[in-house]
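The values are calculated or read from the model by the stated rules, or taken from the named source; none is laboratory data. Since the model is a prediction, treat every value here as computed from it, not as a measurement. Because the Cβ atoms are built from the backbone with ideal geometry, glycine has one as well, and the counts that use them run over all protein chains shown.
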Amino acid sequence: MPDTYPMDQFIHADIFFFVSTIAVTLITLGLIAALIYIIRILKDVDHLTARARVEVDSLGDDLDALRNNLRAEGSAIRRALRAVFGVFGTKPKVARRKPKSKSE
């Protein structure tokens, strides 16, 4: 039976290449599907970061307006508090800034 031995090797090689081709094809399709989902996720993340950037800028503008408003109306609020606490006979504690030391 030495004649069938080389033929068996070809049959085994054909089976191996057939199975390998199917496995590589399935793995490739799985990777393509995973990449499609990853691309969708990255697009969503990009959209969310763009929206967050706009909202943070808007929040910064609002905080700037609030700070300016407090600076403009701070003395009026202080006078109103003094008037209210003056009726009750107590003096409100006003936060004072500490002078900066030379090391700062």
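Assess whether Y5 counts as being at pLDDT 95 or above, of a type outside the set (D, E) and in a helix (DSSP H, G or I).
So Y5 does not fit the description; no.
Restricting the range 84-104 to residues that are part of a helix (DSSP H, G or I) and surrounded by 10 or more Cβ atoms within 10 Å (Cβ to Cβ), which is modelled with the lowest pLDDT?
G86
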